[in-house]
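**Q** My structure is below; once you've seen it, I'll send some questions.
Please treat every number below as a calculation from the coordinates, not as lab data. Note that the structure is predicted; figures quoted are calculated from it, not measured. Cβ placement follows ideal geometry from the backbone for every residue including glycine, while neighbour counts extend to all protein chains displayed.
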Amino acid sequence: MTKPQTYFVKTFGCQMNVYDSERMSELLAADGLRAVDNSDDADLVVLNTCHIRERAAEKVYSDIGRLKASKRPSGVKPMVAVAGCVAQAEGEEIVRRAPMVDLVVGPQAYHRLPAMIAAAANGKSVDTDMPIESKFDLLPKRARPTGASAFLTVQEGCDKFCTFCVVPYTRGGEVSRPAADVVGEARALVDGGACELTLLGQNVNAYADDGLGIGFAQLIREIAAIPGLARLRYTTSHPRDMTDELIAVHAEVPELMPYLHLPVQSGSSRILKRMNRAHTAESYLATIDRLRAARPDIALSGDFIVGFPGETEADFEDTLSIVRAVGYAQAYSFKYSSRPGTPAAGMDGHLDEAVKSERLARLQALILEQQLAFNRATVGRRVEVLIERHGRKPGQLIGKSPYLQSVHVMAPGLAIGDLVEVELVSAGPNSLEGKLIQKAAA
Ligand code: 5AD
Ligand code: SF4
């Protein structure tokens, strides 16, 4: 196989995969490959995969099937690389099941992609090491212009071992990047045009640079102080690591947006114990109270799993109750999916799909109602909106409010990356209409 000239990266799953895909793209570009915006035109197709639920993991195989069947203009079969969490979890098995795949590279080993591409001329190459060397030290420095809003991975992996979750196995234990590197990368992103950064980690609030004694709260303060940075966000956080100092930062740092994704998973303390979540429904609600005391307008988002093994109707009703007690601005809910190798897969009391589907529908109806209520409550207010993309209608732009709401504005004069003052005039469950008041001072 000759060395590929062009590449296309397709991303599945979470924001950390979006970040990893960007870094892989930069690496491939530095290796002399050119990006194309369609897998049919690419000599190398990278599928950056997600293993969190069964349906996510299966998508990679249907995509490989599609690649195999596609009639490409060149008639030449592309080199196919499977990256991300399916690569880590299934390794060699992928090549056995899908012989079209040439490379399998785990999330901690993708800095080795150029060498693997060179080696692929001589046969398949699988690398799911969790190497001692850090990929971050070996990836090219961030130099490309970024969008107005950029992701920045500060921490990876998880030591919490929730019994349903594959992340501790696919991403490894909790590792934080050195604070100096993170702040340096944040500066480079701001210099490249970003005015909003989202700090990423599987357990981002467990961040700790032990060498310098810098915890997550301090990291936020340092990044927020970078000139030109207007907005800072972070995701995903664990309730157990919401320290007093971190909660205080929500009151003290104006750049930190009033929005927090804080998954609870279930409202039943009995199920939370079976999930090994290390918090109860009551301790979660107490954390929310502390957050709201620090930042009264903070909007909350969460993740929920319905139909965990052993979940009774009463447990599920506790989940509906906690949703009512918190009042979420947004929330993501999933049917429990049994993942090979996790403790919950071997538990008693797995539920029928029909029960899970019925509970999910009830939970999602409640969440939708809450999203609509939250959005309606902001109508009439003036908020800053960061313009991110063009809408479908001519002259329409779409951006994000501080509360991460999608806001549509008719304002043909605006550009992507503008931070503008908007009056919210009407609301649906998933987006709002806004009227441009003025361009905010830069
Ligand atoms: N089944 C269903 N949902 C899951 N999640 C993680 N593992 C599973 C699973 N096995 C959900 C959790 C987590 C989100 C990223 O995905 O809610 O917070
Ligand atoms: Fe998975 Fe739990 Fe770790 Fe989140 S905290 S990544 S749900 S094991």
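**Q** Rounded to the nearest 500, what is the chain's calculated 222 nm mean residue ellipticity when only DSSP H runs of at least 4 contribute -39500 (n - 2.57) each, over all residues? Each step should come with its number before you reach the end.
**A** Values: 14 runs with 151 residues, N = 442.
Counting only the DSSP helices, I get -10500 deg cm²/dmol.
**Q** Can you list the DSSP H helices in the chain whose Cα atoms extend at least 30 Å along the helix axis and whose mean Kyte-Doolittle hydropathy is -0.5 or higher?
**A** Flagged H segments are 353-378.
**Q** Considering Cα pairs under 8 angstrom that are at least six residues apart, work out the relative contact order of the chain and quote it in whole percent. Before the final figure, lay out the partial values.
**A** On the way: 886 pairs, mean separation 42.5, N = 442.
RCO, the chain: 10 percent.
**Q** Of Met242, Ile132, Leu424, whose Cα points farthest to the positive end of the dipole of the chain (charges on the beta-carbon: +1 Lys, Arg; -1 Asp, Glu; origin at the Cα centre)?
**A** Positive-end residue among those listed: Leu424.
**Q** Within the chain, what percent of beta bridges assigned by DSSP are antiparallel, to the nearest 5?
**A** Values: 25 of 68 bridges.
Taking every DSSP beta bridge within the chain, about 35 percent pair in antiparallel fashion.
**Q** Once you order the gyration tensor axes a ≥ b ≥ c over the Cα atoms, which shape class does region 6-127 get: rounded for a/c under 1.5, otherwise prolate or oblate by comparing a/b with b/c?
**A** rounded
**Q** Same structure, new question: Of the lysine pairs in region 6-127, how many meet both conditions: Cα atoms under 16 Å apart, and a spacing of 8 or more in sequence or different chains?
**A** Details: Lys10/Lys59; Lys10/Lys68; Lys59/Lys68; Lys68/Lys77; Lys77/Lys124.
For region 6-127, the number of qualifying lysine pairs is 5.
**Q** Once a ≥ b ≥ c are taken as the square roots of the eigenvalues of the Cα gyration tensor of region 343-414, is the result rounded (a/c under 1.5), prolate (a/b larger than b/c) or oblate (a/b not larger than b/c)? Please report the intermediate quantities before stating the final value.
**A** Numbers: a/c = 3.21, a/b = 2.59, b/c = 1.24.
It comes out prolate by the Cα gyration axes.
**Q** Once the dipole of the chain is set up with Lys and Arg at +1 and Asp and Glu at -1 on Cβ about the Cα centre, which of Ile220, Gly307, Phe161 lies farthest towards its positive end?
**A** Farthest towards the positive end: Gly307.
**Q** Then there is this: Could you work out, for the chain, what percent of all Cα-Cα pairs fall into each 20 Å distance bin, beginning at 0 Å and stopping at the bin that holds the largest distance?
**A** 23, 56, 20, 0
**Q** Another one. Could you work out which residue, out of Ala83, Ala411, Ala299, moves most in a Gaussian network model of the chain, that is, has the largest mean-square fluctuation with Cα springs under 10 Å?
**A** Of the options given, Ala411 has the highest mean-square fluctuation.
**Q** Continuing with the same structure: Shape of region 135-376 from its Cα gyration tensor (a ≥ b ≥ c, root eigenvalues): rounded if a/c is under 1.5, otherwise prolate when a/b > b/c, or oblate? Don't skip to the answer; put the middle values down first.
**A** On the way: a/c = 2.03, a/b = 1.55, b/c = 1.31.
Because a/c hits 1.5 or more and a/b exceeds b/c, region 135-376 counts as prolate.
**Q** Can you list, by residue number, the Cys in the chain that have no neighbouring cysteine C-beta under 4.7 Å?
**A** For the chain, the answer is Cys14, Cys50, Cys85, Cys158, Cys195, because their Cβ atoms have no other cysteine Cβ under 4.7 Å.
**Q** Using 1/(1 + (r/R0)^6) with R0 = 41 angstrom and r between the beta carbons of Arg392 and Asp348, what's the FRET efficiency to the nearest 0.05?
**A** Efficiency computed from Cβ-Cβ geometry: 0.25.
**Q** Same structure again: Given a 10 angstrom Cα cut-off, can you work out which residue in Ser74, Ser338, Ser426 is the most mobile in a GNM of the chain?
**A** Ser74
**Q** Treating only the Cβ of Lys, Arg, Asp and Glu as charged (+1, +1, -1, -1), what charge dipole size does the chain show about its Cα centre? Round to the nearest 20 debye. Walk me through the intermediate numbers first.
**A** Details: 50 positive and 54 negative charges, 221 e Å.
Its charge dipole is roughly 1060 debye.
**Q** Across 10 Å bins from the origin, how do the percents of Cα pairs in region 238-326 run, short distances first?
**A** So the P(r) values, bin by bin, are 17, 49, 25, 9, 1.
**Q** Would you calculate the separation in nanometres between label points at Ala118 and Ser338, each defined as 7 Å from the Cα along the Cα-to-beta-carbon direction?
**A** It is 4.6 nm.
**Q** How much net charge surrounds Thr236 when only other residues with a Cβ under 14 Å from its Cβ are counted (Lys, Arg +1; Asp, Glu -1)?
**A** On the way: positive: Lys160, Arg171, Arg233, Arg240, Arg277; negative: Glu156, Glu174, Asp241, Asp303.
Spelling it out: positives minus negatives among the neighbours equals +1.
**Q** Then there is this: Counting alpha carbon pairs within less than 8 Å and at least 6 residues apart, what relative contact order, in whole percent, applies to region 115-225?
**A** Contact order relative to length: 29 percent.
**Q** Placing +1 at every Lys and Arg Cβ and -1 at every Asp and Glu Cβ, with all other atoms neutral, what dipole size does region 6-127 have around its Cα centre, in debye to the nearest 20?
**A** That gives a dipole near 360 debye.
**Q** Once you place label points 7 Å from the Cα toward the Cβ at Asp244 and Leu368, how far apart are they in nm?
**A** Reported label-point gap for Asp244 and Leu368 is 4.4 nm.
**Q** Could you point to the residue in Gln5, Met24, Tyr259 farthest towards the positive end of the chain's charge dipole, with +1 and -1 charges on the Cβ of Lys/Arg and Asp/Glu respectively?
**A** The one lying farthest along the dipole's positive direction is Gln5.
**Q** Given a Förster radius of 45 Å and the C-beta distance between Asn38 and Arg292 as r, what FRET efficiency does 1/(1 + (r/R0)^6) yield to the nearest 0.05? Show your work: numbers first, answer last.
**A** Values: r = 47 Å, r/R0 = 1.03.
My answer for the efficiency is 0.45.
**Q** Let me ask something else. Within 10 Å, count the other beta carbons around each residue, average over each peptide in 258-271, 276-289, and list them highest first.
**A** Working: 258-271: 21.9, 276-289: 17.0.
Those peptides, ordered most packed to least, come out 258-271, 276-289.
**Q** Only sites in a loop by DSSP and with at most 10 other Cβ atoms within 10 Å count here; which trypsin sites (Lys or Arg not before Pro) in region 47-155 make the cut?
**A** Numbers: sites: Arg53, Arg55, Lys59, Arg66, Lys68, Lys71, Arg96, Arg97, Arg112, Lys124, Lys135, Lys141, Arg142; in loops: Arg53, Lys71, Lys124, Lys141, Arg142.
In loop regions of region 47-155 (DSSP not H, G, I, E or B), the sparsely surrounded trypsin sites (Lys or Arg not before Pro) are Lys71, Lys141.
**Q** By how many nm would the segment from Ala361 to Thr6 lengthen if fully extended, with 0.36 nm per residue of separation less the alpha-carbon distance? Numbers along the way, then the final one.
**A** Details: separation 355, 0.36 × 355 = 127.80 nm, distance 4.33 nm.
Separation in residues times 0.36 nm, less the Cα-Cα distance, equals 123.5 nm.
**Q** Run the dipole for region 135-376 about the Cα centre, Lys and Arg Cβ at +1, Asp and Glu Cβ at -1, nothing else charged, and hand back the magnitude in debye, nearest 20.
**A** 400 debye
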